[in-house]
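Have a look at the structure below before the remarks.
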Amino acid sequence: MKCKQCKAEFTPVRFNQKYCFNTDCVRVWVESEKEKQWKKKKKVLKDELQTVQELTKLAQVVFNKYIRLRDKNKPCVSCDKPLGSKYDAGHYFSSGGHKTVTFNEDNVHAQCVTCNQHKHGNLLNYQLGIQKRIGADGLIELHAKAYETRKFTRDELKEIIETYKEKIKTL
Ligand SMILES: [Zn+2]
Ligand SMILES: [Zn+2]
């Protein structure tokens, strides 16, 4: 084994030992361990400081990405035209007013830019399209859920982020 610091050959006595026992090298070794520990601690602190707002944003990004991939071969949910190269994940119940269904897969479908951005979701046609996809019963259930009130906790949001990161991998 070659010492990371002085480049001299040495025989490691510990698993994964990168430095020899030369005083200077040990000093560098200790510093690098401290640095590693500090980086780990900083990451934990950062995770703890992530706010609900930030996590909500992140969850939205990951969830919407999943929806766009899930629906990539479908037409626009509202106008039934091809999605085109750039398209959105359109919420039937808006994410602002209906927190309960923000991350509900039945509530979000791929939408062309025209419908999503220029026709404010083209909601009348969205209703027809969504009914075709989730059925009348699904739509009734979605309506019931949409009007419940709830807040997501940080742990719930983290779970949503992890869940959809995993689901994206399977697509
Ligand atoms: Zn050394
Ligand atoms: Zn459309």
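The values are calculated or read from the model by the stated rules, or taken from the named source; none is laboratory data. Keep in mind that this is a model prediction, so the values were computed, not measured. Here the Cβ is made from the backbone with ideal geometry for all residues, glycine too, and neighbour counts use every protein chain on show. Just so you know, the surface numbers come from the protein's heavy atoms only, side chains and all, with ligands and any DNA or RNA stripped out. Shrake-Rupley method; radii C 1.70, N 1.55, O 1.52, S 1.80 Å.
Going toward the positive end of the dipole of the chain, with +1 on Lys and Arg Cβ and -1 on Asp and Glu Cβ, which of Gly97, Cys20, Val61 do you reach last?
Selected residue: Cys20.
Rounded to a whole number of µm²/s, how large is the Stokes-Einstein D of the range 20-92 at 4 °C and 1.567 mPa s, given Rh as the Kirkwood radius over C-alpha pairs?
For the chosen part, D equals 78 µm²/s.
Tell me, in nm to one decimal, what length is gained between Gln131 and His118 on full extension, where the rule is 0.36 nm per residue of separation less the Cα-Cα distance? Could the numbers behind the result be given before it?
Working: separation 13, 0.36 × 13 = 4.68 nm, distance 2.21 nm.
Difference between extended and current length: 2.5 nm.
How would Leu128, Leu139 rank on accessible area, largest to smallest, probe 1.4 Å? Before the final figure, lay out the partial values.
Working: Leu128 110, Leu139 10 Å².
Largest to smallest exposure gives the sequence Leu128, Leu139.
Enumerate by residue number the chymotrypsin sites (Phe, Trp or Tyr not before Pro) in the range 123-171 meeting two conditions: DSSP loop (anything except H, G, I, E, B), and at most 12 other Cβ atoms within 10 Å of the site's Cβ.
Those that pass, being in a loop and sparsely packed, are Tyr147.
DSSP loop trypsin sites (Lys or Arg not before Pro) in the range 82-156 with at most 14 other Cβ atoms within 10 Å of their Cβ, which ones?
Lys86, Arg150, Lys151
Within the range 17-47, list the chymotrypsin sites (Phe, Trp or Tyr not before Pro) lying in a DSSP loop whose Cβ has at most 14 other Cβ atoms in a 10 Å radius.
Here the sparse-neighbourhood loop sites are Phe21.
How many lysine pairs are close in the range 1-44, with Cα atoms under 29 Å apart and the two 8 or more places apart or on different chains?
Eligible lysine pairs with Cα atoms under 29 Å apart amount to 27.
Give the distance, in whole Å, between the Cα centre of the range 8-23 and the Cα centre of the range 108-171.
Cα centroid of the range 8-23 versus Cα centroid of the range 108-171: 56 Å apart.
Average projected area of the Cα convex hull of the range 12-158, in nm²?
For the range 12-158, the mean projected area of the Cα convex hull comes to 13.5 nm².
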